[in-house]
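Peer 1: Would you mind keeping the following structure in view while I ask a few things?
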Amino acid sequence: MKNICLIGRPNVGKSSIFNRLIKEKKSIISDIPGVTRDRIYGIVTYNNKKFNLIDTGGIHGEDDNFDKDIILQAELAIDEADTILFVVDGNEEITDADKKIRNMLKKSNKEVIVLVNKIDNDKRLNNIYNYYELGFEKVIGLSAEHNINFKELLELLTKDINVEEEKEDDILKFCLVGRPNVGKSSLINALLNEDRVIVSDLAGTTRDAIDTKFTYNKNEYIVIDTAGMRKKGRIYENIEKYSLMRSMKAIDSSDVCVLVIDASTGIIEHDKHILSYCIEAGKGIVICVNKWDTINNPNEAIKKWKQELEVYFKFVPYINFVFTSAKTKKRLNTLMPEVLKAYENNRKELKTSLLNDVISEAVSLHEPPSYKGKRLKIYFTHQTASKPPKITFNVNNKNLVHFSYERYLENKIRESFDLVGTPIILQFKNKDDD
């Protein structure tokens, strides 16, 4: 699938353009505090053609504030991109920061389209010619706020996309993520029955995400091996940061993420942080405890491990656990069924009538709490998206939704529908909202 990224300085409207193109406000669905993503990926669909869109952090112009992490992420996005959308502010003259970004993009030798944002009238439209000074052939004036010129932009971005070439994107892709040296590469080799990925006792052998196609039960799948994801404080070299970003990209491009935990070292807090990236990306999820051959009395140990995992990952009770040994291949057959289950549930479509019956019964069993004499009323519920399932509630006042009642509704939905292995999004909209 074609990759397109947005680059620009802060406050020029990159995120507004991103949300306009993907037709939603990309939101974090993890309830773990402090989890943020430096780049956001979305899929844009126009006239049955699709492309990946990458939003990036704003690049400052002053040397003192020239954030090295943001630059690194922007460089990675540029490296992945087929086309770069260089966003500038149509209300301002070309700035030093714009020129620095221009110089960075010139070195990339990629197709660059300058988007002059905030062009919402004919007078400002004439100002776009000033931006040809940046040295790029294609300059488009638009307004993210007023949805001006987006059809023209989409026509340009999709004109060379061949729908037939996108068929491989329908193959289930799943990635293995985790700390360094938990056995991700060994697991993949065991699945493939051959040494396709370099395996070493040294942590950090895998520096890049590696895609491998294989056949399971006569169907083709793609498994992605990723570099070990270290804590941010322990990432010293640029190559380590680059590997981390590649792992993040693998998460975004996958349908299912398998978090691999090392049975010989146990669960640590960083495992939870890595899992949060997968939840936030809205992917199907399986937790795999690898190196099970290192555990004494493994049949007895499973019960204890499950209890520990359920306590440690209590914020995601919908995720299933498998216990494998890449070395001996014992219990390896338990992994793919869980991957397939998470995949199917992540894209599940819930019947509207059944969903409304579930919510009506939930409300009758436990009314929403009142606040200042007002009580939440739910008029209608329906699924508005999948991957992951997104449930939209039409209500009298979305500000009356208490987080505890939202969690109650989610639990009731999960009790009635098989949604094992996938996060779900609950969205509340006022009845009169568009």
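Peer 1: Using 0.36 nm per residue of separation minus the Cα-Cα distance, give me the extension gain between residue 431 and residue 110 in nm, one decimal.
Peer 2: Full-extension gain reported as 111.0 nm.
Peer 1: Heavy-atom accessible area of residue 104 with all protein chains present, probe 1.4 Å, nearest 10 Å²?
Peer 2: Rounded to the nearest 10, that gives 40 Å².
Peer 1: Note down the accessible area of residue 283, probe 1.4 Å, to the nearest 10 Å².
Peer 2: The accessible area comes out at roughly 30 Å².
Peer 1: Sorted by accessible area with a 1.4 angstrom probe, largest first, how do 315, 380 fall?
Peer 2: The most accessible residue leads, giving 380, 315.
Peer 1: Figure the gain on full extension for residue 47 and residue 72 (residue separation times 0.36 nm, minus the Cα-Cα span) and round it to one decimal in nm.
Peer 2: 5.6 nm
Peer 1: Using modelled amide H (1.01 Å from N, peptide plane; none on Pro or chain starts), what sits under 5 Å from the amide H of residue 377, excluding residues fewer than 5 places away?
Peer 2: Result for residue 377 returns 396, 397.
Peer 1: In the structure shown, do any of 159/213; 23/118; 272/390; 249/314; 377/429; 184/330 have a Cα-Cα gap over 20 Å, and if so which?
Peer 2: Too far apart for the 20 Å limit: 159/213; 272/390; 249/314.
The values are calculated or read from the model by the stated rules, or taken from the named source; none is laboratory data. Predicted model only: the values in this text are computed from it and were never measured. Each accessible area value is taken on the protein alone, full model and side chains, heavy atoms only, with ligands, DNA and RNA left out. Shrake-Rupley method; radii C 1.70, N 1.55, O 1.52, S 1.80 Å.
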